[in-house]
Amino acid sequence: NAGVTQTPKFRVLKTGQSMTLLCAQDMNHEYMYWYRQDPGMGLRLIHYSVGEGTTAKGEVPDGYNVSRLKKQNFLLGLESAAPSQTSVYFCASSYGTSGVLEQFFGPGTRLTVL
Amino acid sequence: EDKVVQSPLSLVVHEGDTVTLNCSYEVTNFRSLLWYKQEKKAPTFLFMLTSSGIEKKSGRLSSILDKKELFSILNITATQTGDSAIYLCAVAPPNTGTASKLTFGTGTRLQVTL
């Protein structure tokens, strides 16, 4: 099992460019999440999904869009990148059953917006 | 707004020392508290605590929750250089049928020197 994988690992964008980050999991998890991690801020939830075809906003959703067309994939899009979106992005997934709260994280994508 | 505060922010110890990391929380609804270890990349799960006063233990690591005083501690005994990491604390709300959105603290950066 690969667990949770993310592509790309690194990316540099210019202000105004767009890109999509891909997250894939092979654990048949129902729930998937996108976080960003900034120095001194901890992990903050951007968007999440409770199942294929569903998405919801997290704590810091502005400037991002997501899609979950397949259960194993969760895409994070930046339509018009801004320097404030320079961060490390983590995807995570978890089981959908109650009581199982552990989230499994991917290795992260380091994004720099110039 | 839910809040999770970790202390200290950073800590440098010598190999063999014992360390105690703190996590306090202010949340409107609490279900469980989770500890993660983050080395260079993805956070990895350590413990989940739901009941007050019951210690969870794994090797040299242990953790306990105090639901009355709203805090948890993570102890690491006989520290090793491999314990150097950021330790993250997160709280989970009650299961309301949606994804368990974790609220993370900013983390404690632990460095263990020889």
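Net charge within 13 Å of A:Pro39 by Cβ-Cβ distance, Lys/Arg positive one each and Asp/Glu negative one each, not counting A:Pro39 itself?
+3
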Using alpha-carbon coordinates alone, the radius of gyration and Dmax of chain A in Å work out to 13.3, 42
B:Thr50 and A:Val12 label points (each 7 Å along its Cα→Cβ direction) are spaced in nm at 4.8 nm
So, with points 7 Å from each Cα along the Cβ direction, the B:Glu26-A:Glu52 label distance in nm works out to 4.4 nm
Going fewest to most other Cβ atoms within 10 Å around each Cβ, A:His29, B:His14, A:His47 line up as B:His14, A:His29, A:His47
Rounded to the nearest Å, the spacing of the alpha-carbon centers of segment A:5-34 and segment A:36-114 is 8 Å
Counted neighbours (other Cβ, 10 Å), sorted fewest up, put B:Cys23, B:Cys89 in the order B:Cys23, B:Cys89
Loop-resident trypsin sites (Lys or Arg not before Pro) in segment A:37-74 with no more than 12 other Cβ atoms inside 10 Å, DSSP not H/G/I/E/B, are A:Lys70
Calc'd 3J(HN,Hα), segment A:27-38, phi into Karplus 6.51 cos²θ - 1.76 cosθ + 1.60 (θ = phi - 60°), Hz, glycine/Pro = x, comes to 9, 6, 6, 7, 9, 9, 9, 10, 10, 10, 10, 10
Output for segment B:1-59: GluC sites (Glu not before Pro) sitting in coil per DSSP, at most 16 other Cβ within 10 Å, listed by number, reads B:Glu1, B:Glu15, B:Glu39, B:Glu55
When B:Trp35, A:Trp34 are arranged by how many other beta-carbons sit within 10 Å of their Cβ, fewest first, they go B:Trp35, A:Trp34
Answer in debye to the nearest 20: the dipole magnitude of chain B about its Cα centre, from +1 Lys/Arg and -1 Asp/Glu charges placed on Cβ, is 300 debye
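Given all pairs of different Cα atoms, what value in angstroms does the Kirkwood hydrodynamic radius of chain B take?
Result for chain B, one decimal place: 14.3 Å.
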Once Lys and Arg are counted +1 and Asp and Glu -1 for all other residues with Cβ under 15 Å from that of B:Thr81, the total becomes 0
B:Thr103 neighbourhood, Cβ < 13 Å, K/R = +1, D/E = -1, net charge 0
Given Cβ charges of +1 for Lys and Arg and -1 for Asp and Glu, the option among B:Thr77, B:Ile54, A:Pro61 whose Cα lies farthest towards the positive end of the dipole of the protein assembly as shown is A:Pro61
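Kirkwood hydrodynamic radius (Cα pairs, Å) of the protein assembly as shown?
Kirkwood radius, the protein assembly as shown: 18.1 Å.
Extension gain B:Lys67-B:Leu114, at 0.36 nm per residue separation less the Cα-Cα distance, in nm? Before the final figure, lay out each step's value.
On the way: separation 47, 0.36 × 47 = 16.92 nm, distance 3.61 nm.
Separation in residues times 0.36 nm, less the Cα-Cα distance, equals 13.3 nm.
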Computed ³J(HN,Hα) along segment A:103-114: with the Karplus parameters 6.51/-1.76/1.60, θ = phi - 60°, integer Hz and x for glycine or proline, the list is 9, 9, 9, x, x, x, 10, 8, 10, 10, 10, 8
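A:Arg44 to A:Arg110: FRET efficiency via 1/(1 + (r/R0)^6), r the Cβ-Cβ distance, R0 22 Å, to the nearest 0.05?
Efficiency, from the Cβ-Cβ distance: 0.85.
A short reminder: the numbers here are calculations on the coordinates, not readings from a lab. For clarity, every value in this text was computed on a predicted model and none was experimentally measured. Every residue, glycine as well, gets a Cβ built from its backbone with ideal geometry; the counts of neighbours run over all protein chains shown.
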